[in-house]
1. Where in the range A:71-163 are the helices (runs of 4 or more DSSP H), entirely inside, with at least 2 residues that are acidic (Asp, Glu)?
2. Is it fair to say B:Glu29 is surrounded by 13 or more Cβ atoms within 10 Å (Cβ to Cβ), at pLDDT 90 or above and acidic (Asp, Glu)?
3. From A:Glu181, A:Glu192, A:Glu147, which residue is within 14 Å of chain B (Cβ to nearest Cβ), at pLDDT below 85 and over 22 Å from B:Val268 (Cα atoms)?
4. What is the number of the single condition among (1) modelled with pLDDT under 80; (2) within 27 Å of B:Asp246 (Cβ to Cβ) that B:Phe168 does not meet?
5. Restricting the search to the range B:214-241, which residues are facing chain A (nearest Cβ under 10 Å), surrounded by fewer than 24 Cβ atoms within 10 Å (Cβ to Cβ) and touching a strand residue (DSSP E or B) at 6+ places or on another chain (Cβ under 7 Å)?
6. Considering only the range A:1-44, state which residues are more than 30 Å from A:Cys151 (Cβ to Cβ) and over 18 Å from the mean Cα position of the chain (by Cα).
7. Quick one: would you say A:Gly74 is without any contact (Cβ under 8 Å) to a residue 12 or more places away in the chain, over 17 Å from B:Gly258 (Cβ atoms) and not acidic (Asp, Glu)?
Amino acid sequence: MEVDRADGRNPNQLRPLACSCSILHRAHGSASWSQGDTKVLAAVYGPKAGTKKNENPEKASIEVIWKPRTGQIGKPEKEYEMILKRTLQSICILTINPNTTTSVIIQVVHDDGALLPCAINAACAALVDAGIPMKHLAVAICCCLAESGYCILDPTKLEEQKMKAFAYLVFPNSILSVLPEGSSLVQGEPMEHGIITSVTHGAMSVDDYFHCLERGRAASAKLSDFLRRSLQSKLPADLSKAG
Amino acid sequence: MGLPNASEDLSSEMEVDAFRRLFPLRYFERHLAESIRPDARPLSRARDTTISMGAVASADGSALAKIGSTTMLAAIKMEVMTPSLESPDEGCVSIDFHMPPICSPLVRPGRPAEAAPVVAKQLSDTISRHELSLVGGKAAWMVYLDIYCLDADGALFDAALLSAVAAFSNLQIPTVSLDDGKIVMLPEEQKEENSEKEPVNKEKRKLTLGGIPFSLTCILHKNYILADPTSEEESIMETLVTVVLDSSNQLVSLYKPGGAVLAYTSAVQDCIALTRQRVKELHQILEEAISGMEID
């Protein structure tokens, strides 16, 4: 089915991506990530000694601070903090630096839809920049579902408001390694098809959700390639510094 | 490390309680391998659930829901408000979820619990704006829904949603009348006396819920799926998936905030299937609670 989007994209097309790392010089790691007009800045400080109360001191703890563009943080931002924290906990190797806290600060620069996925991508790039040990990268994507049942990716704010339902999905990045082909299959599915995080809003049928999942997986491959490329491009400079 | 092996050897010599405290994960995995849980439930069985309606006499609608020992008290208060210009035909629902220190050792007095705003936000996403308009553009209902967690023993969202849904079905909308273009609430006693003030909403005393949402939280651990976890299980195995389906089997929410275990298509399908069963159970429990009220 043909769908008209205000900016002339086709339903599966993402907005132009941009990522730059190490932009704040006092932070241990930082990154800015933008998808079209949505832009988020992430800074990582840590690992710092000690964990907060109620955290397991045998593991590294991660703390997320969400700063909205204007005003105080409310319930939605609190929820974003919690989702982001749990998502980052699942991709970091927490046993390497026990009894430490890593702070991730998210500053929203501009919100034009798909804010949480954008923040997750930014946080992930900033963690890599800070050299925090991770199992794999994560890529986040937003799928929207219209009344008529078609599905569009990476919506703008206007599109988000018009849609009846949307889903934020986070998938692991495929691991490029020496592992033999097929060894990363889990229950007959490649590892990058597993869902790390899923948050939905609005009612949809179960089939529609699986449809979104499929679209999201396809797009996440493109996103992972972009993330990997933008992280690799800064590697040679680092190596020359080290040498 | 040698620790896992040590625990294997120790399990035969140690007392069960000591083993449970020292190697909680190992203790649970031993049970899971036998397809049973420490509280004698099969993996996919939810705990006993009860609802009692009308627990708060001064509220317009209220209910007390228990899932196992997780206890939630929900109460609704309604007020008349002027709707905003952007949505003249819509009312407003304000949801507060309270976790007082009484509910869990993790909650300290003075410091609000981390989970509280998250559960409140999730609830406001799942409960739709019903027909809350009184007089188009002039007056609409402002609904204050307060949920108190009295005992937090896992699956907080499930219990909170169940108590909220039950309180909504218990709701008696107060009668109001038009007085010189202003809307006045009619106190219960005066209803017969001043008959010149005609109630505006005589026939609409019940809220018709559209699709009623019900939820089930599952833990994913390795290949096991555990329905309706207790707080002990939640603290040991950290990957939670909450599925919300409404009575017409629409997916209202599929919520998985991170966690060490990745959810593959088959696991997601299993969780949805478990939720379908649970929705039927909960629907029946709710119907029974409502019919029990009518007999009284």
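The values are calculated or read from the model by the stated rules, or taken from the named source; none is laboratory data. On a predicted model such as this, the values are computed, not experimentally measured, just so you know. Every residue, glycine as well, gets a Cβ built from its backbone with ideal geometry; the counts of neighbours run over all protein chains shown.
1. The qualifying helices (runs of 4 or more DSSP H) are A:75-91, A:157-162.
2. Against the criterion (surrounded by 13 or more Cβ atoms within 10 Å (Cβ to Cβ), at pLDDT 90 or above and acidic (Asp, Glu)), B:Glu29 qualifies.
3. Selected residue: A:Glu147, the only one of A:Glu181, A:Glu192, A:Glu147 that is within 14 Å of chain B (Cβ to nearest Cβ), at pLDDT below 85 and over 22 Å from B:Val268 (Cα atoms).
4. (1)
5. B:Thr239, B:Leu240
6. Matches in the range A:1-44: A:Ile23, A:Leu24, A:His25, A:Arg26, A:Ala27, A:His28.
7. Working: without any contact (Cβ under 8 Å) to a residue 12 or more places away in the chain: yes; over 17 Å from B:Gly258 (Cβ atoms): yes; not acidic (Asp, Glu): yes.
Considered against the rule, which asks whether it is without any contact (Cβ under 8 Å) to a residue 12 or more places away in the chain, over 17 Å from B:Gly258 (Cβ atoms) and not acidic (Asp, Glu), A:Gly74 comes out as yes.
Residues are listed down the side, and each one gets a yes or a no for (1) out of contact with any Lys or Arg (no Cβ under 9 Å at 6 or more places or on another chain); (2) within 24 Å of A:Met134 (Cα to Cα); (3) of a type outside the set (Lys, Arg):
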{"position": "A:Thr38", "(1), (2), (3)": "no, no, yes"}
{"position": "A:Ala49", "(1), (2), (3)": "yes, yes, yes"}
{"position": "A:Glu55", "(1), (2), (3)": "yes, yes, yes"}
{"position": "A:Glu58", "(1), (2), (3)": "yes, yes, yes"}
{"position": "A:Ser61", "(1), (2), (3)": "no, yes, yes"}
{"position": "A:Val64", "(1), (2), (3)": "no, yes, yes"}
{"position": "A:Pro68", "(1), (2), (3)": "yes, no, yes"}
{"position": "A:Lys75", "(1), (2), (3)": "no, no, no"}
{"position": "A:Lys85", "(1), (2), (3)": "yes, yes, no"}
